[in-house]
Ligand code: SF4
Ligand code: SF4
């Protein structure tokens with residue numbers, strides 16, 4: 001039994017099981033215009049992995065069966081998949097609520113000028129990564145020039161109404177610049193709002209804080225610097241049982257770029273598919289078995305349960321004004 005499962009057993013929560021599939025998260029591929037230091041899937045311009053239209057048809061059929069509350073498109077940079085717009089039109093045609101995770105700078109790329117209007121036309125909800133409001137911290141994680149281009153993309157989204165109306169949400173995502181836990185979400189949101197409005201004239205809906213997971217490039221960096229064990233201990237020592245009900249794997253299924261099913265994008269990065277006693281592929285799996293399935297866990301899961309907790313929707317204990325660190 002791994003250390004995370006031992007901790008779950010201590011709290012009477014072993015084994016961890018999925019409650020529902022309210023969210024279907026779809027990873028459209030690992031192609032990205034950026035090459036960020038902390039990227040858990042190791043995405044970048046040279047990655048060839050991308051979801052085909054054939055797999056997207058299986059995703060659409062799966063969404064008809066699962067009837068999720070929300071379909072969440074991620075990557076890499078999902079905008080760079082050649083079938084991105086077609087998939088969105090089909091999903092919206094089926095009346096699915098659709099959320100897109102954007103790195104912002106992809107919106108400034110060739111052939112992407114139409115995207116702010118396209119998103120507005122299809123009432124797409126946006127979650128945009130901006131790991132800090134300072135130039136230094138963003139460039140340290142994401143590369144030179146990324147901050148200024150991210151601000152330009154935010155201005156274009158604001159110009160078509162994003163971040164200003166409930167129907168056009170534009171959430172921003174913070175993640176720490178190193179091996180430490182995020183500060184409390186609500187206090188940091190106030191700082192973001194003040195700096196972005198006063199210095200750049202841009203606005204957004206909500207701030208989501210996400211913990212750096214010891215997976216992918218972030219883990220490689222920890223290994224290079226010799227901090228892996230210290231960080232794993234920090235996550236484990238800050239285990240917060242209040243996060244367990246809201247863990248994203250308990251309320252979603254993740255579909256990888258080749259159609260393989262995962263409990264979350266971190267398990268995708270680690271190559272740990274769902275356990276279903278049958279095929280773990282969107283075209284062949286018994287989707288009725290996803291709710292109630294046993295979730296594949298390991299020590300990286302402490303990244304989701306540390307402090308205020310962490311998920312693709314931000315902190316898991318949002319009522320708190322301070323979190324254990
Ligand atoms: S963190 Fe996001 S923007 Fe950065 S390389 Fe990975 S997928 Fe691309
Ligand atoms: S990494 Fe987090 S979301 Fe994924 S299986 Fe572990 S606890 Fe669940």
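Just so it is clear, none of the values below were taken in a lab; they were calculated from the coordinates. As the structure is a prediction and not an experimental result, all values here were calculated from the model. Glycine also receives a Cβ, built like all others from the backbone with ideal geometry; neighbour counts cover every protein chain displayed.
Tabulated data for the structure shown
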{"quantity": "Gain on full stretching of the segment that runs from residue 61 to residue 89 - 0.36 nm per residue minus C-alpha separation", "calculated": "8.6 nm"}
{"quantity": "Normalised contact order of the chain, rounded percent, pairs of Cα under 8 Å and 6 or more residues apart", "calculated": "24 percent"}
{"quantity": "Hull-based mean projected area of the stretch 19-80, where the convex hull spans the alpha carbons, in square nanometres", "calculated": "4.9 nm²"}
{"quantity": "Pairwise FRET efficiency - residue 70 versus residue 277, Cβ, R0 = 41 Å, nearest 0.05", "calculated": "0.90"}
{"quantity": "Nearest-0.05 FRET efficiency for residue 230 and residue 135, computed from C-beta distance (R0 35 Å)", "calculated": "0.80"}
{"quantity": "Kirkwood estimate for the chain, i.e. one over the average of 1/r between Cα atoms, Å", "calculated": "19.9 Å"}
{"quantity": "Residues of the stretch 117-144 with amide N under 18 Å of the 7 Å Cα→Cβ point at residue 190", "calculated": "133"}
{"quantity": "Whole-number D in µm²/s for the stretch 11-167 (Stokes-Einstein; Kirkwood sum over Cα pairs; 4 °C, 1.567 mPa s)", "calculated": "78 µm²/s"}
{"quantity": "Rg/Rh for the stretch 96-222, where both radii come from Cα atoms and Rh is the Kirkwood radius", "calculated": "0.96"}
{"quantity": "Computed over the stretch 128-195: relative contact order in percent, which uses C-alpha pairs under 8 Å that are six or more apart", "calculated": "38 percent"}
{"quantity": "Computed [θ] at 222 nm, deg cm²/dmol, the chain (DSSP H ≥ 4; -39,500 (n - 2.57); rounded to nearest 500)", "calculated": "-9000 deg cm²/dmol"}
{"quantity": "Residue 37-residue 198 FRET efficiency (beta carbon distance; Förster radius 35 Å; 0.05 resolution)", "calculated": "0.80"}
{"quantity": "Antiparallel DSSP beta bridges within the chain, percent to nearest 5", "calculated": "25 percent"}
{"quantity": "Extension gain from residue 111 to residue 6, taking 0.36 nm per residue of separation minus the Cα-Cα distance", "calculated": "32.8 nm"}
